[in-house]
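> First, the structure itself, so that you have it in front of you.
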Amino acid sequence: MPWVIHIVTVVVVLFVVLNLAAGLIWVERRLLALWQDRYGPNRVGPFGLLQVAADTIKLFFKEDWVPPFADKPVFILAPAIVMLTVLMSFTVIPFAPGIAVSDLNIGLLFVLAMSSLGVYSVVLGGWASDNKYSLLGGLRAAAQMLSYEVFMGLALMGVVIMVGSFSLSAIVEAQQKIWFVIPQFLGFILFLIAGVAETRRLPFDIPEAESELVAGFHSEYSGMKFGMFFIGEYVGVVLISALITLLFFGGWLGPGLPPLLWFIIKTFAFICFFILLRAGLPRPRFDQLMSWGWKIMLPLALANILVTGAVVLWAR
Amino acid sequence: MNATATAAILDDLAEKFGADSIVAQPARDAIPAFWTPREKLTEVLRYLKTEVSGPYRMLYDLTAIDERVRTHRDGQPPSDFSLVYHLLSFDRNEFLRIKVALKSGDLHAPTITGLWPAANWYEREVWDMFGIVFDGHPHLARILMPRTWVGHPLRKDHPARATEMGPFQLPDEKQDAEQEALRFRPEEWGMKRSSEDTDFIFLNIGPQHPGTHGVLRIILQLDGEEIVDCVPEIGFHHRGAEKMGERQTWHTFIPYTDRIDYLGGVMNNLAYLTAIEKLAGITPPPRAQVIRVMLSELFRIISHLVWYGTFAQDVGQLSPVFFTFNDRERAFEIIEAVCGARMHPNWFRIGGVAQDLPKGWETMIRDFVKYLPPRLVEYDKEIMRNRIFKARTKGIGAYTVDECIEWGVTGPNLRACGYEWDFRKKQPYSVYDQFEFDIPTAQHGDCYDRAVVRVEEMRQSLRIIEQCVEQMPGGSYKSLQPLAAPPLKPDNTMHDIETLINHFLGVSWGPVIPPGEALGTIEATKGNNGYYLVSDGSTVSYRTRIRTPSFPHMQTLPNLSRGMLVSDLLAILGSIDFVLADIDR
């Protein structure tokens with residue numbers, strides 16, 4: 001009865017991903033604290049682990065307030081979109097051979113499509129709040145996503161050309177000999193940068209830029225609606241880290257340990273890297289970010305496709 | 001600042017404008033001072049700013065005195081309210097004090113905003129506090145008090161305590177009226193709501209905003225994200241420190257000074273005491289002076305560390321603020337060991353300091369002097385050499401030396417433009433002339449260069465502190481002169497009634513400072529801090545004027561931010577290093 005197995009996989013993936021994302025709040029706070037010479041949350045439960053539970057309970061019991069001046073349906077829809085799109089992306093992620101909700105043959109395209117849809121949540125959230133800070137945040141998000149979506153997709157085309165498939169499991173299997181991070185190093189760097197921008201994490205947290213726009217697009221959000229943006233961001237981090245692992249670091253491939261464990265270890269390493277970035281870097285201005293995107297990143301991504309294509313053709 | 005130079009400028013003016021128009025008034029601080037009639041004021045000031053050789057290019061301060069109940073006014077022209085202008089000449093390295101007498105029924109004076117744009121806020125403050133009208137001022141509105149305030153607080157007949165004013169009540173109608181008074185109307189500021197091709201957004205930044213470092217309200221006129229114009233609105237942190245100065249005794253006002261530039265700690269005490277000690281003719285003993293210099297420089301570092309971390313945070317870097325606050329904590333440990341308190345040590349006293357240094361102070365300070373430089377190297381790598389940081393700060397919010405002087409900008413912000421002017425070197429107060437240190441400067445006057453100067457200043461302060469440890473003289477930590485407060489117990493206090501009474505009065509009432517006026521200025525953490533004190537021969541000050549660096553610095557904000565983006569505004573705010581308490585007093 002394969003549909004039972006399907007449902008179990010869906011539920012397990014949903015459960016694991018959401019809990020992982022919530023757990024990341026604790027991981028991020030402890031790691032940041034470590035790098036910043038302080039303790040971080042260490043009071044609730046062993047090592048402060050129950051902080052996550054405390055935070056979740058707090059979010060659920062906070063007043064879920066919709067400002068009277070907001071555009072109500074859109075205001076409610078926006079945080080749902082962010083959760084929906086990142087969770088949908090996880091349906092095509094293969095965690096290990098055979099462990100995936102659905103191993104689509106256009107898996108990579110599906111992920112890119114979902115992440116493009118995800119932008120709407122930020123823009124709509126910023127617009128529906130009818131708050132000047134939110135509006136500016138939404139505008140910045142739109143500008144940032146436009147600039148970075150373009151070369152994010154293009155950066156991956158090198159990998160696709162080499163494998164000849166959009167299926168994520170096929171891409172992993174193609175890395176038996178060599179991880180794509182070596183032949184596609186440029187693509188890796190470009191995707192990494194675009195990935196940070198995509199998840200709106202420091203140094204590219206320009207749409208929320210605390211010191212400038214208070215909380216940017218989600219200034220007016222509270223309670224669990226804010227929580228959706230919050231968790232959505234962490235799920236996004238997990239997603240981008242998982243993608244980097246799959247596309248450039250051989251996914252579940254690795255000696256000795258079980259495949260699933262390899263996948264988790266690699267993904268976790270990238271998650272930590274994301275957090276380290278946040279601890280280390282200042283935030284560029286959004287016009288600088290855009291000019292880097294269009295003037296440097298996009299030409300590099302195009303050059304990468306050209307060179308990869310030429311080499312693949314020549315090798316034939 | 002010798003006597004002949006003093007006479008020279010006054011003679012020069014008397015020759016030019018007639019002896020009747022220039023009435024000299026000797027002061028205790030050797031700053032040349034004179035009275036001039038209101039009609040001649042603009043002319044005299046224009047001459048001093050633009051024509052005289054060695055021009056007085058900076059409007060250092062502009063304030064007023066309510067003279068109506070002052071008793072010691074020997075030889076001064078009759079006046080109910082006097083305007084006081086302090087000018088600074090960099091060529092002469094000299095201040096000049098100009099006074100204008102006004103009569104109660106006719107409190108009008110010509111504006112000098114045409115001559116010095118920086119006079120704008122100062123004149124608004126004088127109007128707010130004294131009700132003196134400046135004819136021709138572009139926007140003479142209240143600046144520190146709420147718009148709904150009735151009366152002018154620094155007038156002698158205005159109550160100084162809440163208990164003199166009847167119970168405070170806030171019925172709904174009043175609350176609505178107060179809130180309505182805060183509504184921003186662009187037309188009042190000569191701003192348009194739209195241009196030919198765009199409607200402007202008016203964005204309220206503050207008074208509660210994570211990027212403003214305190215209760216500051218900035219109203220931005222935005223075209224998209226580009227700043228067309230901005231209006232800084234201050235006064236939310238106003239506590240009436242100058243009014244309190246007229247209520248507290250000379251001695252008991254010291255803790256209030258701590259809270260002016262609340263990151264500068266004892267540095268504020270020093271500015272205040274420099275003025276009092278000029279009035280009282282006290283020279284503190286060498287040990288007290290060196291202790292003062294050492295603690296002041298430690299506070300310069302403490303203040304700069306706060307600025308360093310928060311500036312990095314303003315451009316989006318999360319971690320440095322934790323590192324610099326950790327370092328600051330170590331410096332506070334020393335302050336705590338010496339003073340018992342941390343941010344507001346209230347440690348300097350008239351004629352010295354509160355107590356001698358504790359046992360083991362040398363080790364603590366030597367440890368800190370050894371500890372900090374490697375940390376600063378680390379921050380150079382993390383912050384100053386970070387390419388995103390540079391991209392955010394280089395070429396942003398730059399001003400030139402001329403603009404700085406025009407707008408009254410002093411301290412690190414002036415030196416960032418390449419002008420080496422530091423009061424510790426140019427007009428050495430306390431014992432700064434005994435120490436070797438350099439005055440760091442930069443060239444472009446932008447956000448990055450302002451940071452460069454401050455970072456290097458920390459290293460120079462460490463040098464001074466190190467020399468203080470090496471050269472710490474022995475002897476008393478407080479003067480035995482009769483006006484030093486609270487007085488030390490000399491050996492003979494308990495032997496005869498005269499010394500006992502004197503000591504008792506000195507402790508209970510505090511000293512009676514001889515009548516006169518003095519301006520004490522120091523190179524504080526954020527720029528030049530000056531106290532202009534008027535004594536009427538009593539145990540309290542007749543007028544305490546606090547000239548703070550942050551006030552003129554904040555006034556330049558619109559110039560720096562026009563045409564920039566919102567993100568740049570935050571970089572600019574971080575780089576000019578202000579404290580709201582220092583602006584609003």
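Bear in mind these aren't lab numbers, they're just calculated from the coordinates by the rules spelled out. No experiment lies behind these values; they were computed from the predicted model shown. Note: ideal-geometry Cβ built from the backbone for every residue, glycine included; neighbour counts use all protein chains shown.
> Are any of the pairs B:LYS16/B:LYS40; B:LYS359/B:LYS489; B:LYS49/B:LYS426 more than 18 Å apart by Cα-Cα distance, and if so, which?
Pairs exceeding the cut-off: B:LYS359/B:LYS489; B:LYS49/B:LYS426.
> Given 0.36 nm per residue, what is the gain on full extension from B:LYS390 to B:ARG46 after removing their alpha carbon distance, in nm?
119.8 nm
> Please compute the average number of Cβ atoms from other chains found within 10 Å of each residue's Cβ in peptide B:387-394.
The per-residue average across the peptide is 3.
> Find the centroid of the Cα atoms in the stretch A:163-238 and in the stretch B:438-481, then give the distance between the two in whole Å.
Cα centres, the stretch A:163-238 to the stretch B:438-481: 46 Å.
> Only four residue types carry charge here, +1 at the Cβ of Lys and Arg and -1 at the Cβ of Asp and Glu. Report the dipole size of the stretch B:3-135 about the Cα centre in Debye, rounded to the nearest 20.
Here the size comes out at about 100 debye.
> For B:GLY520, what is the net charge nearby, where nearby means another residue's Cβ is under 9 Å from its Cβ and Lys, Arg count +1, Asp, Glu -1?
-1
> Still on this structure, I have one more. Other chains' Cβ within 10 Å of A:126-134 residues: what's the mean?
Counting other chains' Cβ atoms within 10 Å and averaging over A:126-134 gives 1.
> Looking at A:MET114, A:LEU77, A:TRP65, which one has the Cα that reaches farthest to the positive end of the dipole of the stretch A:3-123 (charges on Cβ: Lys, Arg +1; Asp, Glu -1)?
A:TRP65
> Ordered by packing density, taken as the mean number of other Cβ atoms within 10 Å over each peptide's residues, highest first, how do B:432-444, B:510-522, A:279-291, B:298-310 rank?
Packing proxy ranking, top to bottom: B:298-310, B:510-522, A:279-291, B:432-444.
> Something else: Listing B:LYS278, B:LYS390 from the residue with the fewest other Cβ atoms within 10 Å to the one with the most, what is the order?
So the ranking, lowest neighbour count to highest, is B:LYS390, B:LYS278.
> Under 28 Å Cα-Cα from A:LYS72, which lysines qualify once same-chain neighbours fewer than 8 residues away are excluded?
Hits, sequence-local ones excluded: A:LYS58, A:LYS62, A:LYS132, A:LYS225.
> Still on this model: If you project the alpha carbons of the protein assembly as shown onto their three principal axes, what span does each projection cover, largest first, in Å?
107, 67, 58
> Nearest 20 debye, what's the magnitude of the dipole of the stretch A:66-315 about its Cα centre given +1 on Lys and Arg Cβ and -1 on Asp and Glu Cβ?
Computed about the Cα centre, the dipole is about 280 debye.
> Which value does Rg/Rh take for chain B over its C-alpha atoms, Rh per Kirkwood?
0.96
> Between the stretch B:292-310 and the stretch A:250-308, how many Å separate their Cα centres?
After rounding, the separation between the Cα centres reads 40 Å.
> Quick one: if the Förster radius is 35 Å, what FRET efficiency do B:GLN471 and B:HIS495 give, using the C-beta to C-beta distance and rounding to 0.05?
It comes to 0.45.
> Rounded to two decimals, what is Rg over Rh for the stretch B:3-135 when you use alpha-carbon atoms and the Kirkwood radius?
0.94
> Applying a 10 Å radius around every beta-carbon, put B:131-137, B:313-319 in order of their mean neighbour count, most first.
Most protected by this proxy first, the peptides run B:313-319, B:131-137.
> Next question. If packing is taken as the average number of other Cβ atoms within 10 Å across a peptide's residues, how do A:118-127, A:263-272 rank, most packed first?
A:118-127, A:263-272
> In square nanometres and to one decimal, what's the mean projected area of the convex hull around the Cα atoms of the stretch B:223-313?
8.9 nm²
> By a straight-distance test (C-alpha under 27 Å), which lysines pair with B:LYS390 as possible cross-link partners, with residues fewer than eight away in the same chain excluded?
Excluding near neighbours in sequence, the set is A:LYS295, B:LYS381, B:LYS526.
> Still on this structure, I have one more. Within straight cross-link reach of B:LYS425, meaning Cα distance under 17 Å, which aspartates and glutamates are found once same-chain residues fewer than 8 apart are removed?
The qualifying aspartates and glutamates are B:ASP91, B:GLU94, B:GLU297, B:ASP433, B:GLU436, B:ASP438, B:GLU456, B:GLU457, B:GLU523.
> Report the label-to-label distance for B:THR283 and B:ASN93 in nanometres (one decimal), using points 7 Å from each Cα along the Cα→Cβ vector.
Spacing of the two 7 Å Cα→Cβ label points: 1.9 nm.
> If you don't mind, another one. Select from A:VAL17, A:PRO255, A:ILE5 the residue farthest towards the positive end of the dipole of chain A; place +1 on Cβ of Lys and Arg, -1 on Cβ of Asp and Glu, and compute about the Cα centre.
A:PRO255
> So what's the gap between the Cα centers of the stretch B:325-381 and the stretch A:1-48, to the nearest angstrom?
43 Å
> Which helices pass in chain B if a helix is a full DSSP H run, must span at least 18 angstrom along its long axis by Cα, and must have mean Kyte-Doolittle hydropathy not below -0.5?
Helices meeting the criterion: B:3-17, B:266-280, B:286-314, B:320-339, B:361-379, B:447-471.
> Using only atoms on other chains, find how many Cβ atoms lie within 10 Å of each Cβ of peptide B:220-226 and report the average.
Across the residues of B:220-226, the mean count of other-chain Cβ atoms within 10 Å is 2.
> Kirkwood Rh over alpha-carbon pairs of the stretch A:66-315, then Stokes-Einstein at 37 °C and 0.692 mPa s: what D in µm² s⁻¹, rounded to an integer?
177 µm²/s
> Of all chymotrypsin sites (Phe, Trp or Tyr not before Pro) in the stretch B:470-570, which ones are in loop regions per DSSP and have a Cβ with at most 15 other Cβ atoms within 10 Å?
B:TRP509
> May I ask which residue of B:LEU270, B:SER508, B:LEU107 lies farthest towards the positive end of the charge dipole of chain B, with charges of +1 (Lys, Arg) and -1 (Asp, Glu) on Cβ and the Cα centre as origin?
It is B:SER508.
> Let me know the charge dipole size of the protein assembly as shown about its Cα centre in debye, to the nearest 20, where only the beta-carbon of Lys, Arg (+1) and Asp, Glu (-1) is charged.
Computed charge dipole of the protein assembly as shown: roughly 1680 debye.
> If you fit an axis through the alpha-carbon atoms of helix A:107-128 and take the longest principal axis of the Cα set of chain A, what angle between them do you get, 0 to 90°, nearest 10?
Long axis of A:107-128 versus the principal axis of chain A: about 20 degrees.
> Out of residues 5 or more away from B:ARG543 or on other chains, whose amide H comes under 5 Å of its own, with H placed 1.01 Å from N in the peptide plane?
Here B:VAL534 satisfy the definition.
> Report, in degrees rounded to the nearest 10, the 0 to 90 angle that the Cα long axis of helix A:51-61 makes with the longest principal axis of chain A.
Helix A:51-61 sits at roughly 60 degrees to that axis.
> With each pseudo-label sitting 7 Å past Cα toward Cβ, what's the A:VAL11-B:GLU333 distance in nm, one decimal?
Inter-label distance under the simple model: 5.6 nm.
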